[in-house]
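The values are calculated or read from the model by the stated rules, or taken from the named source; none is laboratory data. Just so we're clear, the structure is a prediction, and the values are computed from it rather than from any experiment. Because the Cβ atoms are built from the backbone with ideal geometry, glycine has one as well, and the counts that use them run over all protein chains shown. Calculation scope for accessible area: heavy atoms of the full protein, side chains included, ligands and nucleic acids excluded. Shrake-Rupley method; radii C 1.70, N 1.55, O 1.52, S 1.80 Å.
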Amino acid sequence: MTTAPTHAKGLEGVIAGETEICNVEQTSLIYRGYEIADLAANASFEEVAYLLLVGNKPTADELASFKAELVAERSLPGAVVEFLKTSGDLVNNQYAVPMDILRTAVSILSHLDADCQDNAADANLRKSKRLLAQIPTVIGHMQNSIEGKEFIAPNANLSHSANLLYMMTGSEPTPEAEKVMDVSLVLYAEHDYNASTFTARVISGTLGDLHGAVTGAIAALKGKLHGGANEAAMDMLADIRKDIGPDNDLGKVTDWMHKAFAEKRKLMGFGHRVYKNGDHRAPILHGLGRKAAEARGEEFVKLFELGEMVQKIMEDEKKIYPNVDFPCGMTYFTMGIPVPQYTPIFVASRITGWAAHIMEQHANNRLIRPRVAYIGPAPRNWND
Ligand code: CMC
């Protein structure tokens, strides 16, 4: 029998480590001292990535060379390109979804990275930058393959956000679309000991390598209770739309919600383990997404109106608030992004937070190995 004195299901409320990277509180979300609203309004994704990976706000020169390094690392080794050529078949005809393809691509990238087995700080930083630069190319090529199109090469003149959209679609985004994508990546970049980051820290705590930790983190992020919620939230809105028809009839929306409550269903994009009065990131993305919807036309505005009805009913009747994944689903839909790529795009951002945590773990490591309360059978003999 174990003698662990306490047990919190899902580790709720447990402080499982220390970090200098991020602080998630009821009233604030801070990346290395900077409040999220400040970053969303004033910093580019590349600046936030530098802040998370290196530890401080970049000077103009540091930012310029960081951006140049990222641009130089965007193309993929031949073996990964060959694998991605098969991704359309794996997704369209076999059993894979884009998050699985991305997980495998990162794993293959590790085999071709000269720094793979080196956990030293400088090697880890090089690998972090490389993955940050390579992941949008993986997503772009994969989407091209799913659509049966030729691969679109990265465009060195475009920012991280604009290039991601460009490689997926083949057209350069408008400045407005680039801005919405950029802010969404800033909002998604880091969130302390969420499940995927904790996974990455556990793997790196064994002195596992950065690519391995990121591969595990991608698998953790895929789940609907975590990053997969941005796809699930959009799927849920599409289901409501299918059931109630094109008009945002409040009575029908309310009936749909009451049925979901009666069936004790979890509504995707709502609730949070830490934020019980609302996720600071959600209103920022909702505002930007709604503005994009207004620019795109009635169909998209109606989607946001439907989302707002769902949100109001949840808040009024359950006191449960949307998390960032709820407006993300509607926002990425408005931008024309295929739903199964929403969570891979989350990865294109969260790679920065994961890498920062992996480096922090390796810099001051102790194996993460908690105990568990045994509740199985009492001791017995095999031959009885
Ligand atoms: N829909 C309906 N009821 C909910 C929801 C929801 N989305 N979230 C929480 N509740 C209820 C839950 O049923 C429980 O009620 P009761 O006390 O009557 O049993 C109460 O609220 C407390 O919920 P919990 O399940 O104990 O909360 P948790 O901290 O274990 O779970 C969560 C947090 C995020 C997993 C959960 O809220 C959830 O499943 N949300 C839907 C999935 C989602 O949106 N995930 C994204 C998380 S945030 C961003 C990210 O990681 O990407």
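Net charge within 15 Å of Asp89 by Cβ-Cβ distance, Lys/Arg positive one each and Asp/Glu negative one each, not counting Asp89 itself? All intermediate terms of the calculation are to be shown ahead of the outcome.
Working: positive: Lys85, Lys149; negative: Glu82, Asp100, Glu147.
After counting each charged neighbour, the total is -1.
Take the alpha carbon gyration tensor of region 229-334, find the square roots of its eigenvalues, order them as a ≥ b ≥ c, and report rounded if a/c is under 1.5; if not, report prolate when a/b exceeds b/c, else oblate. If you can, show how the numbers build up before the last one.
Details: a/c = 1.77, a/b = 1.07, b/c = 1.66.
Oblate is the answer for region 229-334, as a/c is 1.5 or above yet b/c matches or exceeds a/b.
For region 195-332, the relative contact order is 28 percent, taking Cα pairs closer than 8 Å that sit 6 or more residues apart in sequence and dividing their mean separation by the residue count.
Taking the Cβ of Lys224 as the centre, find all other residues whose Cβ is under 13 Å away and add up their charges (Lys, Arg: +1; Asp, Glu: -1). Here the count lands on 0. Contact order, relative form, for region 54-142: 44 percent (alpha carbon pairs under 8 Å, 6 or more residues apart, mean separation divided by residue count). Under a model in which nothing but the beta-carbon of Lys, Arg (+1) and Asp, Glu (-1) is charged, region 237-334 shows a dipole of about 440 debye around its Cα centre.
Its DSSP H runs of at least 4 residues, each contributing -39,500 (n - 2.57), put the calculated 222 nm mean residue ellipticity of the chain at -18500 deg cm²/dmol, to the nearest 500.
According to the Cα-based calculation, Rg over Rh for the chain is 0.98, with Rh computed by the Kirkwood formula.
Computed over all pairs of different Cα atoms, the Kirkwood value for the hydrodynamic radius of region 57-134 is 14.1 Å.
Give me the percent of accessible area attributable to carbon and sulfur for region 1-133, probe 1.4 angstrom. Don't jump to the answer; show the numbers that get you there.
Values: 3700 of 7090 Å².
Carbon-and-sulfur percentage of accessible area, whole number: 52.
Using unit Cβ charges (K, R positive; D, E negative) and no other charged atoms, how large, in debye to the nearest 20, is the dipole of the chain about its Cα centre?
Values: 38 positive and 48 negative charges, 219 e Å.
My answer is approximately 1060 debye.
For region 117-168 and region 262-317, what is the separation of their C-alpha centers, rounded to whole Å? Cα centres, region 117-168 to region 262-317: 30 Å.
Springs between Cα atoms under 10 Å define the GNM used for the chain, and in it the highest mean-square fluctuation of Glu73, Glu150, Glu46 occurs at Glu150. Of the peptides 95-101, 229-235, the ranking by mean beta-carbon count within 10 Å, highest at the top, reads 229-235, 95-101.
Per residue, the convex hull spanned by the alpha carbons of region 1-108 comes to 217 Å³.
Quick check: net charge around Leu164, other residues with Cβ under 15 Å of its Cβ, Lys/Arg +1 and Asp/Glu -1? Let's see the in-between values first.
Details: positive: Lys67, Arg74, Lys179, Arg350; negative: Glu46, Glu73, Glu172, Glu178, Asp182.
The answer is -1.
Annotation: average projected area of region 300-384 is 12.3 square nanometres, based on the convex hull of Cα atoms across all directions. For the chain, the relative contact order is 24 percent, taking Cα pairs closer than 8 Å that sit 6 or more residues apart in sequence and dividing their mean separation by the residue count. In the context of the full set of protein chains, the chain has a per residue accessible area of 48 Å² (1.4 Å probe). For region 308-384, chymotrypsin sites (Phe, Trp or Tyr not before Pro) are listed when DSSP marks them as loop and at most 15 other Cβ atoms sit within 10 Å of their Cβ; the list is Tyr374, Trp382. With an a/c value of 1.5 or above and a/b not larger than b/c for the gyration tensor axes a ≥ b ≥ c computed over the alpha-carbon atoms, region 138-269 is described as oblate.
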